[in-house]
Amino acid sequence: MLKITKGRRMILGGILVVLSFISHRLSGMEYTPVVITLMLATTIVAGTPIFRNAFQAARYRIIGIDALVTIAVTGAVIIGEFWEAAAVTFLFMLGDYLESRTLEKTRSSIKSLLDLAPDIARVRRDGKEVEISPDEVIQGDIVIVRPGEKISVDGTIIEGNAHINQAAITGESLPVSKSGDDTVFSGTIIESGYLLIRADKVGDDTTFARILQMVEEAQDKKAKTQKFLERFSRYYTPGIIVLSILLFLITKDLVLSLTLLVIACPGALVISTPVSIVAGIGNGARNGVLVKGGEIMEKLGTVKALAFDKTGTLTIGKPGVTKVKAYTMSEEELLRLAAIGESYSEHPLGRAIIQKAEELNLDINVVPEDAEIIMGQGLTFYFEGKKYLIGNRKLFQNAGIDTTEYEEHLQAEEEQGQTAVMVGDEERVLGIISLADIVREDAKKMIADLRAVGIRHIAMLTGDNKLAAKAIADKLGLDANYAELLPEDKVRILGELQEKYGRVAMIGDGINDAPALASADLGIAIGGAGTDVAMETADVVLMSAEIKKLAYAIGLSRATVRNMKQNIYFAIAVAGILLAGVLVKTVNLSIGMLIHELSVLLVIINAARLLRYKARSSNR
Amino acid sequence: MTTKTFQMETLTCPSCVAKIEGMLKRTKGVEESEVLFNASKVKVTFDESVISAETIQENIEKLGFEVLGVK
């Protein structure tokens, strides 16, 4: 058989249907042989794929829309309604064509993610630079990346530094600076700089490839509503055929029965849910929020209470200097002295002090002499010939220095959840540096956004001590905080919250709270890119550490569910109106088909609106 | 048992899904099949000694759907 492309068939069908229409008019609405020939030609050109599909499906005992249209068109030709046959087949073909075009659009945001996949990799092999496909890179290869190029592997930087746009992974378009020993991700782009990278994960194992795979799978994880509609349509279509036959037997009106067949196609209803979901998930994926499927979308929108993990979620997860109190010198001098003393320290508190000194551009490129670390107490060191101490009460008491004078300040700090570190010489305390895990900058705004979208209860669950927990809960204005919890306690408290408030989501960094993430109605992992466990176990993954995206994610899921409902109600309303129209004989075959196809298109276009959804509340 | 994923041309009507799934369910050697409507993909787990990936592809194409690639 001659192979005709869809496009050509469309054009040919279009010309024929117009010619049919004109000649029909010219012949005074009579069915002359010419008119009939043109109309039959239209029906054959436009209808062949439909009839073929219907017959092939019938072989497998499946009755779809094609079958309904085929029966209706055959019937129309037999009773001499040639214009109806031509118009219905043409409209059906046109609708199908337009639907596939618009559907491609709603799926485009996921397609555009696929386009972000790296296409070449430059590796060093036998001392020479060679360009190969990213699939051919093997673990341990040295990959070279220049400005404007895409990184093709997940790896560790072994040389160079660069500003990297990580939007493909995190949705965050501001470039981040990376250098030696930092981890880089496949799919991210070097904006400036030059890197030599050791390939740690290649091909399908990279974070980017796995995100793509999960997004692809997520879009087809069906929502509950969708499952219901599919079950419904399986019985609906054969049911309509039976109904049409009954209608004919009762009324003896063939045209009426055929019209019923055409207008009862459940197209808009069946497509209403999947298009909304694919658009919603696509929008999320582009913004660094991975929602794993339609059912999760439905759940996320109806969450009533949220439980946050503290460390690494509401806080950065690393201590930072919050306050410096100096008694004999300036605060900067005290901080510089402490930073010099901590030069060799691997202790997180020591690193935090050094980091703070670096931020203030203090000159700390001096080395202490005879630094000695005393486990559980602190350290001592000599600088410019003098001995200094940095540490807790025990360290100073053992050195015979009285600290009672500073107790008030120490206790006040500790009550606020701070760790207070004293700095002194051999005679006295020179100052006190307070450190604490720092609350994320966007945490407060996020809590406000969450309240704005109507979350009733926001709690914090942490394994940390009560003082530290309370300080952060108060600062952020949380409704409740539960401290000193073991992982199993977290699960128990989630159960209590569920009983009290309904649907509860747990938000964590996914590293130490996997059981809690799994036991909540909904597990949300933050900063998921790169941590396999979090990406696998959570229902929703926020790729970046930007916690404020949570409110966006909830907003998006609500918009998606709303969109889905609009589509369903609209589809049902159209079906109802058409049915009524047929029964009172104001809707004929071709108008019925036109309205049906239009309703399908409208449903898709409505879903496409979701692609433009933006977090309104966080821009307020 | 092997699993292959067939990339289809854009699937437009959900009833196509039922069609392809129904056909595969009645095909000998096919253990499990899933049609991903939004991704326009068909995932098939089958017994290679009974049926080949090529035959499955032919069967899908006979239903009127173009297969763009097999992975």
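I want to check a number: in the stretch B:2-70, how many lysine pairs have alpha carbons closer than 14 Å, given a sequence separation of 8 or more or different chains? Please list the in-between numbers first.
Numbers: B:LYS4/B:LYS41; B:LYS4/B:LYS43; B:LYS19/B:LYS41; B:LYS19/B:LYS62; B:LYS25/B:LYS43.
Count of close lysine pairs: 5.
State whether the stretch A:555-607 is rounded, prolate or oblate according to the following rule on the C-alpha gyration tensor (a ≥ b ≥ c being the square roots of its eigenvalues): a/c under 1.5 gives rounded; otherwise a/b larger than b/c gives prolate, and the remaining case gives oblate. Can you show the working numbers first?
On the way: a/c = 6.74, a/b = 2.42, b/c = 2.79.
Judged from the Cα gyration tensor, the stretch A:555-607 comes out oblate (a/c at least 1.5, b/c at or above a/b).
If you count, for every residue in B:4-10, the Cβ atoms of partner chains within 10 Å of its Cβ, what is the mean?
On the way: counts 0, 1, 0, 0, 0, 2, 6.
Mean shielding count: 1.
What number, in percent, do you get for the relative contact order of chain A if the mean sequence gap of Cα pairs under 8 Å and at least 6 apart is divided by its residue count? Don't skip to the end; give the middle numbers.
On the way: 1180 pairs, mean separation 93.0, N = 620.
For chain A, the relative contact order is 15 percent.
At 0.36 nm per residue, minus the direct Cα-Cα distance, what do A:LYS111 and A:MET375 gain on full extension? Give it in nm, one decimal, please.
Result for the pair: 89.5 nm of gain on full extension.
If we restrict to alpha carbons, what Rg and Dmax does the stretch A:260-399 come to, in Å?
28.6, 100
What ranking of A:THR42, A:THR70, A:THR462 emerges when the number of other C-beta atoms within 10 Å of each C-beta is taken as an exposure proxy, fewest first?
In increasing order of surrounding Cβ atoms, one gets A:THR70, A:THR462, A:THR42.
Is the stretch A:316-438 best put as rounded, prolate or oblate by its Cα gyration tensor, with a ≥ b ≥ c the root eigenvalues, rounded for a/c under 1.5, and otherwise prolate when a/b is larger than b/c, oblate when not? Walk me through the numbers on the way to the answer.
On the way: a/c = 1.40, a/b = 1.03, b/c = 1.36.
Rounded.
Straight-line reach from A:LYS227: which aspartates and glutamates have Cα under 17 Å away, leaving out those fewer than 8 places along the same chain?
In chain and number order, the partners are A:GLU217, A:GLU295, A:GLU298, B:GLU21, B:GLU34.
Roughly what percent of Cα-Cα pairs across the protein assembly as shown reach past 31 Å? Mind showing how you got there, number by number?
Details: 155885 of 238395 pairs.
The proportion of pairs with Cα distances above 31 Å equals 65 percent.
Which of the listed residues, A:ALA57, B:ALA53, B:THR27, is farthest toward the dipole's positive end in the protein assembly as shown, when Lys, Arg count +1 and Asp, Glu count -1 at the beta-carbon?
Going by the charge dipole, the pick is A:ALA57.
Taking the Cα centre of the stretch A:421-515 as the origin, how large is its charge dipole in debye, to the nearest 20, when only Lys and Arg (+1) and Asp and Glu (-1) carry charge on their Cβ atoms? Let's see the in-between values first.
Values: 13 positive and 17 negative charges, 123 e Å.
So the dipole magnitude of the stretch A:421-515 works out to roughly 600 debye.
For the residue pair A:GLN397 and A:SER343, what label-to-label distance in nm results when each label sits 7 Å from Cα along the Cα-to-beta-carbon direction?
3.2
Would you please report the Å³ per residue occupied by the convex hull of the alpha carbon atoms in chain B?
Per-residue hull volume (Cα only) is 69 Å³.
Based solely on C-alpha atoms, express the radius of gyration and the Dmax of the stretch A:171-294 in angstrom.
Just the Cα atoms of the stretch A:171-294 yield Rg and Dmax of 25.1, 83 Å.
Label-point separation (nm) for A:ILE22 and A:GLU488, each offset 7 Å from Cα along Cα-to-Cβ?
8.4
Which FRET efficiency, nearest 0.05, do B:VAL50 and A:GLU415 yield, Cβ-Cβ r, R0 51 Å?
0.10
What ranking, highest mean first, results for peptides A:241-253, A:435-447 when packing means the other Cβ atoms within 10 Å averaged over each residue?
A:435-447, A:241-253
Would you mind putting A:395-403, A:543-551 in packing order, based on average other-beta-carbon counts within 10 Å, highest first?
The packing order, highest mean first, is A:543-551, A:395-403.
How high is the FRET efficiency from A:GLN139 to A:GLU441, r the C-beta distance, R0 45 Å, rounded to 0.05?
According to the calculation, E is roughly 0.80.
Lysines within cross-link reach of A:LYS475: Cα-Cα under 17 Å, excluding same-chain residues under 8 positions apart?
Straight-line reach from A:LYS475, under 17 Å: A:LYS310, A:LYS323, A:LYS444, A:LYS445, A:LYS466, A:LYS548.
Compute the length gained on full extension between A:LYS323 and A:TYR97: take 0.36 nm times their separation in residues and subtract their Cα-Cα distance, giving the result in nm to one decimal.
The span from A:LYS323 to A:TYR97 would gain 74.8 nm if fully extended.
Please state the relative contact order of the stretch A:121-208 as a whole percent: Cα pairs under 8 Å, 6+ residues apart?
37
About the Cα centre of the stretch A:316-438, what is the dipole size in debye to 20, counting +1 per Lys and Arg Cβ and -1 per Asp and Glu Cβ, all else neutral?
220
At what distance in angstrom do the alpha carbon centres of the stretch A:467-517 and the stretch A:318-397 lie from each other?
Between the Cα centre of the stretch A:467-517 and that of the stretch A:318-397, the gap is 35 Å.
What is the fewest-to-most order of A:PHE308, A:PHE82, A:PHE570, A:PHE208 by other Cβ atoms lying within 10 Å of their Cβ?
Ranking A:PHE308, A:PHE82, A:PHE570, A:PHE208 by Cβ neighbours within 10 Å, fewest first, gives A:PHE570, A:PHE82, A:PHE208, A:PHE308.
Evaluate peptide B:36-49: per residue, the Cβ atoms of other protein chains within 10 Å of its Cβ; return the mean as an integer.
Working: counts 5, 11, 19, 9, 5, 3, 0, 2, 0, 0, 0, 0, 0, 0.
Averaged over the peptide's residues, the number is 4.
What's the exposure ranking of A:THR74, A:THR404, going from fewest to most Cβ atoms within 10 Å?
A:THR404, A:THR74
Points 7 angstrom from Cα along the Cβ direction at A:PHE232 and A:ILE158: gap in nanometres?
In this crude spin-label approximation the distance works out to 6.0 nm.
What residues from the stretch A:170-210 fall in the zone where the backbone N is under 18 Å from a label point 7 Å along the Cα-to-C-beta line of A:ARG351?
Residues A:177-184 qualify, since their backbone N sits under 18 Å from the label point.
Values quoted throughout were computed directly from the atomic coordinates according to the rules given, and no laboratory measurement underlies them. On a predicted model such as this, the values are computed, not experimentally measured, just so you know. Neighbour counts are summed over all protein chains in view; Cβ atoms, including those assigned to glycine, are modelled from backbone coordinates with ideal geometry.
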